1. Inside segment 153-164, can you point out the residues that are outside any helix (DSSP H, G or I) and closer than 16 Å to L120 by Cβ?
2. So, in segment 50-67, of the ones that are within 17 Å of the chain's Cα centre (by Cα) and in a helix (DSSP H, G or I), which residue ends up nearest to P99 (Cα to Cα)?
3. Need the failing condition index for M167 against (1) of a type outside the set (F, W, Y); (2) in a helix (DSSP H, G or I); (3) within 27 Å of G50 (Cα to Cα), just the number.
4. For segment 75-123, give me each residue that is crowded, with 17+ Cβ neighbours inside 10 Å and small (G, A, S).
5. From (1) open to solvent by 30 Å² or more (accessible area, probe 1.4 Å); (2) closer than 17 Å to E140 by Cβ, pick out the condition that doesn't hold for S64.
6. Name the single residue that is nearest to L18 (Cα to Cα) among those in segment 108-144 being touching a strand residue (DSSP E or B) at 6+ places or on another chain (Cβ under 6 Å) and not aliphatic (A, V, I, L, M).
7. Of the residues L74, L32, L89, which single one is hydrophobic (A, V, I, L, M, F, W, C), at negative phi and modelled with pLDDT under 95?
8. Among what's in segment 39-57 and is of a type outside the set (A, V, I, L, M, F, W, C) and either modelled with pLDDT of 95 or more or surrounded by 19 or more Cβ atoms within 10 Å (Cβ to Cβ) (or both), pick the residue that is nearest to A141 (Cα to Cα).
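The values are calculated or read from the model by the stated rules, or taken from the named source; none is laboratory data. Just so it is clear, the structure is predicted and the values come from calculations on it, not from any experiment. No Cβ is skipped: glycine too gets one built from the backbone with ideal geometry, and neighbour counts run over all protein chains shown. Ligands, DNA and RNA are excluded from the accessible area calculation, which covers all protein heavy atoms including side chains. Shrake-Rupley method; radii C 1.70, N 1.55, O 1.52, S 1.80 Å.
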Amino acid sequence: MRTRLEMEREGSTLHLILGPWGAGKSTLAERLPKLLPEHVIFDWDLVIPGLALATGKDAFRDSSTWEGLYAIWLAIIQAVLDGGHNVVLCCSVQPVDIPLDVVSPRRIRAAYIDCSDDELRARLGARRESAGDIGGELAEATALRQSSYFRLDGARDPDALAEAAAMWILGNQAVN
């Protein structure tokens, strides 16, 4: 027999919005709460400054901190889902990377933010990313384009992107 907690968790959905650095995930995470007040919305980067402070390392670039970052997010996601709430996480974590004890794969939906390679290069260049990092993010964008995840058009203005993402999250067909 299933417990009440298991039934509540089964009703909650984890929406992952993926994309390389510079795709617009953080900007999207800032706009979604107004459109989806019943959802709990997180930007993966939210906890990085605290993790950097705790470890004394550059948590954005030092891969030795990433396992801890992943563990923090899994605990947060599980706590919110256990409370019966839907979660939107703007991140780079793939659905296959979410353990079964956090959420069933059938309760995970994934979309990605896409923009042209030229646009992504320009955004990352404006952030003064290295050529190697830009190349890595372009490769991630290419891999996401080949996935079966829902595509969100990152070339739109941020408010239009947020509206399209909200429609997808609510289960409506978003227009790209």
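1. The first filter runs over segment 153-164 and keeps only residues outside any helix (DSSP H, G or I), leaving 153-157.
D153, G154, A155, R156 - these are the residues of segment 153-164 that are outside any helix (DSSP H, G or I) and closer than 16 Å to L120 by Cβ.
2. E67
3. (3)
4. Within segment 75-123, S92, A110, A111 meet the criteria.
5. (2) is the only condition that S64 fails.
6. From segment 108-144, those touching a strand residue (DSSP E or B) at 6+ places or on another chain (Cβ under 6 Å) are 108-114, 144; that's our starting set.
This time we only want the ones that are not aliphatic (A, V, I, L, M), so: 109, 112, 114.
Values: R109: 11, Y112: 4, D114: 9 Å.
Filtering first and then ranking leaves Y112.
7. Details: L32 fails: modelled with pLDDT under 95; L89 fails: modelled with pLDDT under 95.
L74 is the lone residue from the list that is hydrophobic (A, V, I, L, M, F, W, C), at negative phi and modelled with pLDDT under 95.
8. The first filter runs over segment 39-57 and keeps only residues of a type outside the set (A, V, I, L, M, F, W, C), leaving 39, 43, 45, 49-50, 55-57.
With either modelled with pLDDT of 95 or more or surrounded by 19 or more Cβ atoms within 10 Å (Cβ to Cβ) (or both) added as a condition, the list becomes 39, 43.
Numbers: H39: 26, D43: 18 Å.
Of everything passing the filter in segment 39-57, D43 is nearest to A141 (Cα to Cα).
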